[in-house]
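The values are calculated or read from the model by the stated rules, or taken from the named source; none is laboratory data. Worth saying up front: this structure is predicted, and the values here are computed from it rather than measured. Cβ atoms come from the backbone with ideal geometry, glycine included; neighbour counts cover every protein chain shown. What goes into the accessible areas is simple: the full protein's heavy atoms, side chains included, and nothing from ligands, DNA or RNA. Shrake-Rupley method; radii C 1.70, N 1.55, O 1.52, S 1.80 Å.
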Amino acid sequence: MVFSIIGIFFVKGITVNSQNLYLVIEVDGKPYKKISLDEAFPKQVIEIKTAHGHNKVEIEGLRVRIVEADCQDQLCVKMGWLHKANQTSICLPNRVSIKLVANTSEVDIISY
């Protein structure tokens, strides 16, 4: 009985995303894809082809970046890896944005 209870907590611990980190990809302001990330997430490249252009998004564990874009300025590629909640990279000419979001926030309070 004790081993069963320990097993349940062990399995729950390894299957739950402890940081609750998600990648949200939007194209033209509309949701395109939402992916739950964790440490063991395999390296993956997602190709996004729209009427405005072409982008490649690379995911590796808990970090993500736009690795290739056919826009002129390449600012989205130069942004590099996103690895914390609420970080964003946007390719304005192609109307593609990627953002890391979490259920919990590192910010306690914001005052204006």
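Of all residues being aliphatic (A, V, I, L, M) and not in a strand (DSSP E or B) in segment 79-103, which is most open to solvent (accessible area, probe 1.4 Å)? Just the residue, please.
Ranking the candidates gives Leu92 first.
Out of everything in segment 60-78 that is β-branched (Val, Ile, Thr) and part of a strand (DSSP E or B), what residue ends up being surrounded by the fewest Cβ atoms within 10 Å (Cβ to Cβ)?
Val67
Keeping to segment 33-59, report how many residues are part of a loop (DSSP other than H, G, I, E, B) and either among the small types (Gly, Ala, Ser) or open to solvent by less than 50 Å² (accessible area, probe 1.4 Å) (or both).
Qualifying residue count for the region: 5.
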